[in-house]
Amino acid sequence: MRYSLSSLIANTLNGHKSWPVAWRKAEPRPAYDAIIVGGGGHGLATAYYLAKEHGLTNVAVLEKGWLASGNIGRNTTIIRSNYMLPGNTHFYEWSLKLWETLSRELNFNAMVSQRGVINLAHTPAQLDAYARRGNAMRLAGVDAELLDRAELARRVPGLDLSDGARFPVLGGICQPRGGTVRHDAVAWGYARAADRLGVDIIENCAVTGFTFDGDRVSGVETTRGAIAAKKVGVAVAGSTSEVMRLAGFDRLPIESHVLQAFVSEGLKPFLDTVVTFGAGHLYISQSDKGGLVFGGDIDGYNSYAQRGNLPVVEDVAATACAMFPSLSRLRLLRSWGGIMDMSMDGSPIIDRTPKPGLYLNAGWCYGGFKATPASGWCFAHTIAKDEPHPLNAAFSLDRFRTGALLDERGAGATPRLH
Amino acid sequence: MRIPCPVCGPRSVSEFTYEGDATVTRPALDADADAWFAAVYQRANPRGPHSELWHHMGGCRSIIRVERDTGTHAITGASLVSPHEASE
């Protein structure tokens with residue numbers, strides 16, 4: 001069924017008793033043309049674009065838990081494309097363009113809200129760097145505008161713009177087309193759209209091994225039996241090292257780290273844009289339910305635990321209060337952790353691997369959510385054509401060996417700093 | 001998470017700076033590019049027991065080798081790294 005005003009009215013009059021299921025509970029078949037390991041945002045998007053853009057519909061998505069139980073449901077829902085390096089700018093801008101039409105494309109309301117993303121500057125040097133970044137973005141066709149303090153006061157009334165602030169704010173840069181998206185709806189929308197094109201979404205099916213014919217991949221072994229496949233794409237975020245070890249890749253340029261995020265109790269409308277702190281690390285927005293959604297740094301040590309420690313909670317809360325003193329008595333409703341696949345240069349990997357037929361999508365660091373549509377789109381192209389699209393050509397697996405790094409932050413091979 | 005510093009006793013993780021996988025050793029200066037690539041970029045990144053280095057920056061400033069489970073954060077051992085080993 002296509003969702004529309006008439007289907008909504010018909011089902012309302014019917015007491016909402018006849019909505020069809022959004023996607024089938026597929027059973028694994030013995031063989032597929034392509035298997036995507038990982039039923040999160042990137043995996044589901046990849047399956048959708050394989051079917052939609054490349055006509056490859058004999059595809060299965062294997063998810064070890066339930067659909068979208070990982071980072072696609074654990075992020076702070078921010079989208080933006082304010083990057084400076086050419087290898088990143090065009091990719092993330094393509095992602096933002098896909099976000100802009102996603103709800104219509106999927107026939108599913110992803111609640112894409114282009115409310116703007118503002119980065120604050122606290123020193124003249126930082127403001128200069130933002131001007132440079134903004135110019136680089138505008139030269140690449142991305143939107144950016146510099147904001148002075150008066151404009152910040154108008155757009156973000158709760159922000160402490162006084163000279164007595166812990167880190168006085170001098171200005172900022174805004175990407176007006178950035179914003180937020182309902183993250184669960186992204187997973188559900190891609191799952192439903194992929195299912196309608198014939199993709200099998202198989203939950204509770206953990207991959208336990210890979211099978212090879214010589215060097216070429218021939219399928220996977222799972223907790224629900226062996227499944228043959230001509231091509232296998234791995235998009236498992238924080239579990240990348242563990243899954244790829246099953247395929248014989250003992251070491252990768254990735255460390256898994258825990259990143260915490262937070263939701264406060266509900267407030268009346270307080271913040272209608274996304275704001276990031278420039279003298280530390282914090283990004284904050286307000287959800288439609290009224291809760292403030294925010295996050296900061298990763299905890300900073302290898303972790304697969306999906307929960308973090310209290311020092312980071314304190315640090316993030318202190319940063320939020322430094323920006324918005326009026327939040328000091330606000331209570332937290334929830335905090336949680338997601339496992340980030342932190343790469344060695346802070347940029348992702350979408351590439352073939354040395355084993356023919358095996359493809360890797362990983363290394364998303366903090367930035368996986370906003371990349372979801374373009375990541376799926378580029379990974380589908382890489383799998384279908386057996387070569388990267390120009391948009392993801394810079395995200396190669398061997399760039400760490402060749403030296404063609406994409407280090408947006410300039411932090412070097414220290415994953416906890418990206 | 002508290003790290004049992006061999007010098008200071010159990011201390012909050014916030015006093016320490018993480019220095020990563022302790023099993024990685026620096027190659028000889030004249031080693032080939034592959035050896036440097038492996039040491040600088042490639043990590044096992046296991047889920048489970050992990051041997052790692054922590055620098056007690058907010059305490060005795062020792063470098064400590066900690067045995068920790070990355071799936072549970074449980075710490076099973078911590079020992080001082082000798083000055084000779086730390087400089088390698």
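Things worth noting here:
- Of all residues making up the range B:25-53, the number that are facing chain A (nearest Cβ under 10 Å) and either touching a strand residue (DSSP E or B) at 6+ places or on another chain (Cβ under 9 Å) or of a type in the set (Ser, Thr, Tyr) (or both): 10
- Only one entry of A:Leu310, A:Leu292, A:Leu330, A:Leu360 meets the criterion of being out of contact with any His (no Cβ under 6 Å at 6 or more places or on another chain), away from chain B (no Cβ under 12 Å), hydrophobic (A, V, I, L, M, F, W, C) and farther than 12 Å from A:Val263 by Cα, and that entry is A:Leu360.
- B:Thr72 passes every criterion in (1) within 21 Å of A:Glu242 (Cβ to Cβ); (2) crowded, with 17+ Cβ neighbours inside 10 Å; (3) facing another protein chain (nearest Cβ under 8 Å) apart from (2).
- Residue-level check: of (1) on the phi > 0 side of the Ramachandran plot; (2) surrounded by 16 or more Cβ atoms within 10 Å (Cβ to Cβ), A:Gly214 misses just (2).
- Screening A:Lys230, A:Lys268 for residues that are of a type in the set (Lys, Arg), surrounded by fewer than 21 Cβ atoms within 10 Å (Cβ to Cβ) and under 19 Å from A:Thr46 (Cβ atoms) leaves exactly one candidate, A:Lys230.
- Some residue of the range A:111-130 being touching a residue at least 60 places away in the same chain (Cβ under 8 Å), in contact with a Leu (Cβ under 6 Å, 6 or more places away or on another chain) and more than 19 Å from A:Ile284 (Cα to Cα): no
- Any hit, the range A:318-337, residues being of a type in the set (S, T, N, Q) and within 19 Å of the chain's Cα centre (by Cα): yes
- With respect to the conditions (1) in contact with a Cys (Cβ under 6 Å, 6 or more places away or on another chain); (2) more than 22 Å from A:Phe249 (Cβ to Cβ); (3) within 14 Å of chain B (Cβ to nearest Cβ), A:Gly337 falls short on a single one, namely (1).
- Note on the range A:239-265: residues that are over 19 Å from A:Pro311 (Cβ atoms) and among the hydrophobic types (A, V, I, L, M, F, W, C) amount to 8.
- Positions within the range A:317-353 being surrounded by fewer than 19 Cβ atoms within 10 Å (Cβ to Cβ), in contact (Cβ under 8 Å) with a residue 40 or more places away in the chain and part of a loop (DSSP other than H, G, I, E, B), in sequence order: A:Leu330, A:Arg331
- Selection within the range A:256-307 - part of a strand (DSSP E or B) and hydroxyl-bearing (Ser, Thr, Tyr): A:Ser256, A:Ser264, A:Thr276, A:Tyr283, A:Ser285, A:Tyr301
- Scanning the range B:1-49 for residues that are in a loop (DSSP other than H, G, I, E, B), touching a residue at least 40 places away in the same chain (Cβ under 8 Å) and of a type outside the set (D, E, K, R) turns up B:Met1, B:Pro6, B:Val7, B:Cys8, B:Phe16, B:Ala22, B:Thr25.
- Restricted to the range A:18-124, the set of helices (runs of 4 or more DSSP H) holding at least 1 residues that are closer than 26 Å to A:Leu271 by Cα comprises A:86-100, A:102-106.
- Residue check, A:Arg401 part of a helix (DSSP H, G or I), of a type outside the set (Asp, Glu), within 14 Å of chain B (Cβ to nearest Cβ) and free of Cβ contacts under 8 Å to residues at least 12 places away in the same chain: yes
- Close Cβ contacts (under 9 Å, 6 or more residues apart or on different chains) running from residues in the range B:69-88 that are modelled with pLDDT under 95 to residues that are surrounded by fewer than 12 Cβ atoms within 10 Å (Cβ to Cβ) comprise B:Glu88/B:Thr25.
- Hey, A:Arg154 at pLDDT 95 or above, among the basic types (Lys, Arg) and closer than 30 Å to A:Ala191 by Cβ or not: no
- Exactly one residue out of B:Gly58, B:Gly20, B:Gly48 is in contact with a Phe, Trp or Tyr (Cβ under 8 Å, 6 or more places away or on another chain) and either modelled with pLDDT of 95 or more or exposed (fewer than 12 other Cβ atoms within 10 Å of the Cβ) (or both), and it is B:Gly58.
The values are calculated or read from the model by the stated rules, or taken from the named source; none is laboratory data. Every value quoted in this text rests on a predicted model; they were computed, and no experiment measured them. Don't worry about glycine lacking a Cβ; one is built from the backbone with ideal geometry, like all the others, and counts go over all protein chains shown.
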